Each structure stands twice: as structure tokens, then as C-alpha cells.
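One structure is given below, encoded as C-alpha cells.
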Amino acid sequence: MDFIDFYTEFDIPRTADCNEIRNKLGAIETDYLQQRAVCITTDQMDVIQKLLDIINSAIYNLANEGRRKKYDKKLEQMAASGQLGKQQISAKNDYEQALIWESKGKPAEAIILAERAINANIYNVDAYALIIRCCFKTGDHQKAIDIAEEKAIRIYPDELCFRQYAARIRTIHRDYDGASQHIGAMLRKDNNNSAGHIEKAVRMLYMSEDDELTQDKRLEYKHSAEKAINQYIAENPNDNGYRNGVATALIGLSDHHYSLYEGVNCKIIDSEKGYNSILQLHEWAGKISDNDKIHNALNDIRKSGQRKFNTDNSKSLLCLTAMSLLYISAIFDFLGAAFSNGSGFSCENVLVILCLLVFCIIPWLLLIKVSFRPLWKIDRIRYTGHVDTLERVTVAYGLLVIIIMSVSWAIMKAIIKFVINAASRE
């Protein structure tokens with residue numbers, strides 16, 4: 001990824017603190033996750049995934065004081081060397097410029113230009129599709145449905161994509177009957193086109209995730225969706241459009257398993273159960289489609305489950321490790337002295353050893369435990385700033401050790417300096 005000025009890209013004041021930045025970026029990330037639900041092609045999904053990657057990088061670099069200082073320093077160096085000039089992409093007309101704004105995650109600006117393109121040419125099919133997508137992205141779902149049903153479908157009765165958008169949005173809003181009407185119209189219009197069959201499967205998939213239905217009903221719809229998908233693929237093995245469409249919908253459906261964190265109004269993976277559900281949907285999508293973009297999304301989710309070292313705890317871990325080694329050495333020295341004078345494992349000696357273990361060895365082991373986490377857990381902390389009690393206490397102890405070691409080293413240097421000065425005066 002090229003170096004990006006995140007402050008300019010996301011309109012973040014340089015004076016904003018890390019919590020304010022975390023809140024803003026978390027809310028933007030939530031919007032993009034929701035936008036995946038209305039993607040009907042892998043290209044649309046890929047645009048959003050790239051934007052999500054940029055947001056994740058922004059949170060990584062700006063939501064932590066230490067990394068932010070390094071990022072700001074590099075940003076100043078890039079600006080001073082003239083390497084931050086924005087790449088200009090020439091657009092031949094309003095519609096092409098609208099596409100550029102959409103790809104940059106600025107749907108409101110894209111809508112204005114797409115509407116201008118339609119005013120210049122009312123029969124611009126692609127501009128209508130772009131407005132529908134961008135209205136959904138801005139949260140104006142009703143306007144997206146109105147444009148699809150009251151304008152686009154009437155002007156272009158043969159263009160199934162508009163009915164597909166309308167069916168998808170109504171499905172997302174649990175208007176299953178309204179979605180079914182569009183699906184029926186698509187299948188009657190052209191049963192050989194995969195669009196209607198995709199939305200038929202998507203409707204059942206969303207019903208299988210609907211908390212307002214009973215568990216038995218959800219399972220019934222899930223089995224029906226699996227059966228319909230497998231049957232269609234068996235009968236049409238070369239229909240890659242169907243495979244990609246259903247796989248894209250499955251990835252969009254995974255948004256249901258992200259948890260809304262009220263503190264910063266962002267959606268995150270908040271539990272092992274949630275992560276496993278998201279992984280299962282991505283793996284299902286990967287089995288259905290061979291598309292590289294689908295498999296890239298699957299690989300990203302798999303990476304989120306890999307255990308990584310949380311570098312935010314590196315100083316605490318380093319100092320606790322150093323102190324643990326010193327304590328281990330002290331334990332052996334203490335035991336050697338105890339056995340040499342014949343006291344051995346007396347109650348007093350055992351108590352001293354236990355104290356050494358409690359004050360350093362055990363916190364060290366705990367810090368290792370909280371430092372090597374699945375990446376989604378580390379991201380949860382970066383997005384929300386919320387740290388579990390165990391981790392907070394353990395890291396705080398590590399910071400205390402840092403202070404103790406720093407003070408001890410300062411005292412030791414002062415003593416050495418005093419001894420050297422005293423020796424030189426003699």
C-alpha cells in the first residue's frame with residue numbers, strides 16, 4: 001500500500017487525540033462493512049475491501065500514541081520531499097468522475113455527479129446503478145429503493161440489475177415479500193439469467209440469519225439455501241456469475257456477526273463464536289467461487305485468526321522478562337545458600353520462593369498469554385481502546401516493572417558515578 005496522508009483522506013484534524021480518531025475511523029469502518037451487503041459483483045466488493053484495508057492501516061498508525069509519532073514524523077518527511085502530491089485521475093465526464101468518488105469512499109459526492117450525468121442523458125443505465133449503490137452507502141436506503149423501483153425499473157424494464165438491487169435492499173430490511181416480488185419478476189423475465197436465482201438464494205440465507213425467526217425456522221431456511229445453491233451449481237456448472245454473486249452475498253452476510261461496540265459506534269469481531277461464524281461464511285464463499293477476490297477476502301479472515309504478538313506490550317514484556325531472569329537467578333542463589341546452611345525447603349524459604357514467583361514469574365507468563373492473541377482480538381483493542389481486566393492489570397504491572405528498573409538503573413548509575421568520583425579524588 002502506498003503511503004497515505006490519513007489526516008487528509010478522512011478529514012481528521014491534526015489536533016484530534018487518539019480516542020477521537022479511533023471513534024471516527026471506527027464509525028467509517030462500520031459503514032463500509034454494511035455496504036458490502038448490497039454488493040452484487042466481486043468488483044464492487046473489492047473496492048470496499050480495499051477501503052477497509054486503508055481504514056485498518058489508519059487505525060493501526062493513528063490510534064496508538066507511539067505509532068502515531070512515528071507516522072507523523074514520516075508524514076512530515078514525505079511532505080517536505082514533495083512525495084505527497086495526490087495522483088490526479090482524469091475523468092472524461094461526470095459519470096467517470098462519480099465512479100472515482102465512489103472508489104475513494106465518497107458516495108455523497110458521487111451521487112451529485114451521477115445525477116448531473118443523468119440530467120445530461122436520462123438513459124444512462126450505469127449512472128442509475130451508481131446512485132442506487134451510493135444512496136445505500138450514505139444510509140438513505142429508502143431513496144435507493146425509490147430510485148430503483150419508481151425510476152430505473154420503469155425506464156429500463158429489461159435491466160435485471162435494478163430489480164436485483166431492489167430485491168437485495170428489501171431482503172436486508174427483512175421485507176421478504178417485497179424481495180420475493182422482484183425475484184419472481186426477474187425469473188419470469190429471464191429464467192436463464194443468474195440474477196434472480198442469486199437473490200432467491202440470498203433471501204433464504206438472510207432468513208437463516210434472522211434473529212426474529214425461531215431457531216428451527218432459521219435452520220430450515222439455511223438447509224433450503226444450501227440445497228438451492230448446490231442444485232443450481234450442479235445444473236449450471238459453468239455459470240461463474242452465479243457462483244461469484246452468491247459468494248459475494250455470503251461475505252456481505254458476515255456483517256451480521258460483527259458486534260456493535262457502543263462506546264465508539266463501530267462494528268468489531270468481539271468473540272470466538274462471532275469469528276468462527278464469519279470464517280464459516282467466508283469458507284463457504286471460497287468453496288462456491290474460484291474468484292481471486294473472494295479468496296483474498298477468505299485469506300484476510302484466516303489471517304485474523306492467527307496468533308500475533310501485540311507489539312503494544314513489547315516494552316512490558318521485555319522488562320518483565322529481564323526481571324524474571326534476575327529472579328530466577330536469585331531463586332537458584334537463594335536455594336544454594338539455603339541448602340549449604342542446612343535450612344533446605346523450610347517454610348520460610350518456600351515462602352520467599354513463592355513471593356519471587358508471584359511478583360515476577362507469574363506476571364511474565366500472564367503477559368505472554370495476553371500478548372500473543374488472535375489478530376482480531378488485537379484489532380478489537382485498537383478499534384475500541386477497551387482492554388480486558390486481566391490484560392490491563394498484567395500490562396500495568398509490566399509498566400510498574402519498567403519504572404522500577406528505570407529508577408534502579410538511575411540509582412545504580414549514580415552510585416557508580418559517586419564511587420568513580422570518590423576514587424579519583426583519592
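A few points about this structure:
- Cross-chain or 6+ apart pairs with Cβ under 6 Å, region 220-236 first and touching a residue at least 60 places away in the same chain (Cβ under 8 Å) and among the β-branched types (Val, Ile, Thr), then crowded, with 16+ Cβ neighbours inside 10 Å and assigned to a helix (DSSP H, G or I): none
- Residue among Leu260, Leu325 that alone is within 30 Å of Glu226 (Cβ to Cβ), modelled with pLDDT under 90 and open to solvent by 60 Å² or more (accessible area, probe 1.4 Å): Leu260
- Every residue from region 226-250 that is farther than 17 Å from Ile40 by Cβ and out of contact with any Asp or Glu (no Cβ under 9 Å at 6 or more places or on another chain): Glu226, Lys227, Ala228, Asn230, Gln231, Ala234, Glu235, Asn236, Pro237, Asn238
- Out of Leu99, Leu52, sole residue that is open to solvent by 30 Å² or more (accessible area, probe 1.4 Å), in a helix (DSSP H, G or I) and at pLDDT 85 or above: Leu99
So that you can scan it fast, the table gives a plain yes or no per residue for (1) open to solvent by less than 70 Å² (accessible area, probe 1.4 Å); (2) in contact with a Phe, Trp or Tyr (Cβ under 7 Å, 6 or more places away or on another chain):
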| position | (1), (2) |
| --- | --- |
| Ala63 | yes, no |
| Asp72 | yes, no |
| Arg116 | no, no |
| Ile122 | no, no |
| Ile131 | yes, no |
| Gly139 | yes, no |
| Arg154 | no, no |
| Pro157 | no, no |
| Thr171 | yes, yes |
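- Tabulated pairs, region 118-139, first farther than 12 Å from Glu102 by Cβ, second of a type in the set (A, V, I, L, M, F, W, C), C-beta under 6 angstrom, 6+ apart or interchain: Ile118/Ala127; Asn124/Ala117; Asn124/Ile118; Tyr128/Ala152
- Number of residues in region 102-144 that are under 28 Å from Asp175 (Cβ atoms) and either part of a helix (DSSP H, G or I) or touching a Ser or Thr at 6+ places or on another chain (Cβ under 9 Å) (or both): the value is 25.
- Of all the residues in region 286-305, those that are open to solvent by less than 90 Å² (accessible area, probe 1.4 Å) and within 18 Å of Phe372 (Cα to Cα) number 3.
- Test: residue in region 257-267 that is assigned to a helix (DSSP H, G or I), of a type in the set (Ser, Thr, Tyr) and either touching a residue at least 40 places away in the same chain (Cβ under 8 Å) or closer than 22 Å to Ile28 by Cα (or both): no
The values are calculated or read from the model by the stated rules, or taken from the named source; none is laboratory data. Because the structure is a prediction, the values reported are computed rather than measured. With ideal geometry, Cβ positions are generated from the backbone for all residues, glycine too; neighbour counts draw on all protein chains shown. For the accessible areas, the whole protein counts, side chains as well, though only heavy atoms, and no ligand, DNA or RNA atoms are used. Shrake-Rupley method; radii C 1.70, N 1.55, O 1.52, S 1.80 Å.
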